[in-house]
Amino acid sequence: MITASSGPGGRKAVLCQRTLKTAVETSGIGLHCAEPVRLCLRPAPVDTGIVFRRTDLHPAVDIPATLEHVAQTTLSTSLARDGQHLATVEHLLAALSGLGVDNAVVEVTARELPIMDGSAGPFVSLIESAGVVEQSAPRLYLRIKREVRVAQGDKWALFQPFAGFRVA
C-alpha cells in the first residue's frame, strides 16, 4: 500500500509542476517495427504535459500523452493524432511519472520508441542524467469524489474518495 499525507502541522504540502533541467538524447531500435530511432527529451513550459513530437514527419506532428490520443493497448500502448501513430510509449511514460515529471517534449525520429532493455530502467537513468527541476505552477490532481468501479471479466479496479493518496 502507498500512502501520502499532509505536511507538518497537518497542512497539505503544495507540490509544483516539474520538468527536465536540460535536454537529453538516446537511440535504439523499435521492438515491433525494428526501425532505428533517436529520442530526445526536452524541458517544456508549465501546463504542457507530456507531448510526443514525430520529427520524422514533415511537418512534425505533436501527439499529447492524453487519454483522447490512446489508439491501442494490445501488447503495447500507442498514441495517435491526425492519422499518425507512435507505439510503445508505456515505459517512458512510466519513468516520467515515477520521477514526477509533469512537462516534457519527447522528440522521436520513427513511429515507435526504442525498446531499450524492455523496462522503464534505461529511461529512468536518462531522465536522471538530465535532472528534474521544479516549476512555478502548482501540480494539478484528479480528485475522486465518488466511488468508481470498472470491471472486465475477473479483473477490476476500484477508486474511492480519500483525503490524500493511497494505493492498495
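The values are calculated or read from the model by the stated rules, or taken from the named source; none is laboratory data. Just so it is clear, the model here is predicted, and its values are computed rather than measured. Here the Cβ is made from the backbone with ideal geometry for all residues, glycine too, and neighbour counts use every protein chain on show. The accessibility values were calculated without ligands, DNA or RNA, using every heavy atom of the protein model including side chains. Shrake-Rupley method; radii C 1.70, N 1.55, O 1.52, S 1.80 Å.
Surface analysis of the chain yields an accessible area of 62 Å² per residue, using protein heavy atoms and a 1.4 Å probe. Shown for the chain: the carbon plus sulfur share of the solvent-accessible area, taken with all protein chains present and a 1.4 angstrom probe, equals 55%.
Hey, what number do you get for the chain at 222 nm if only DSSP H runs of n ≥ 4 count, each worth -39500 (n - 2.57), divided across all residues, to the nearest 500? Each step should come with its number before you reach the end.
On the way: 2 runs with 19 residues, N = 168.
Calculated at 222 nm, the ellipticity per residue is -3500 deg cm²/dmol.
Between Cys16 and Leu67, the simple spin-label model (points 7 angstrom out along Cα→Cβ) gives 2.9 nm.
The angle between the Cα long axis of helix 121-130 and the main principal axis of the chain comes to about 90°, on a 0 to 90 degree scale. Whole-Hz Karplus values for the range 96-109 come out as 4, 5, x, 8, x, 8, 8, 10, 6, 10, 10, 8, 10, 9 Hz, taken residue by residue from phi with 6.51 cos²θ - 1.76 cosθ + 1.60 and θ = phi - 60°; glycine and proline positions read x. Whole-Hz Karplus values for the range 33-43 come out as 8, 6, 9, x, 8, 9, 10, 10, 8, 10, x Hz, taken residue by residue from phi with 6.51 cos²θ - 1.76 cosθ + 1.60 and θ = phi - 60°; glycine and proline positions read x. Among Ile144, Ile115, Ile50, the largest mean-square fluctuation in a Gaussian network model of the chain, built with springs joining Cα atoms closer than 10 Å, belongs to Ile144. For the range 59-165, chymotrypsin sites (Phe, Trp or Tyr not before Pro) meeting the loop criterion (DSSP other than H, G, I, E, B) and having at most 16 other Cβ atoms within 10 Å: Tyr141, Phe162.
Around the Cα centre of the range 37-156, unit charges on the Cβ atoms of Lys, Arg, Asp and Glu (plus for the first two, minus for the last two) sum to a dipole of about 300 debye. Here the gap between Arg166 and His32, fully extended at 0.36 nm per residue and compared with their Cα-Cα distance, gives a gain of 44.7 nm.
Restricting attention to the chain, close to 80% of DSSP beta bridges with both partner residues there are antiparallel. If you wrap the chain in the convex hull of its Cα atoms and look at it from every side, the mean projected area works out to 11.7 nm².
Going by the alpha-carbon gyration tensor, a ≥ b ≥ c the square roots of its eigenvalues, is the range 94-168 rounded (a/c under 1.5) or, if a/c is not under 1.5, prolate (a/b greater than b/c) versus oblate? Since a/c reaches 1.5 but b/c is at least a/b, the shape of the range 94-168 is classed as oblate.
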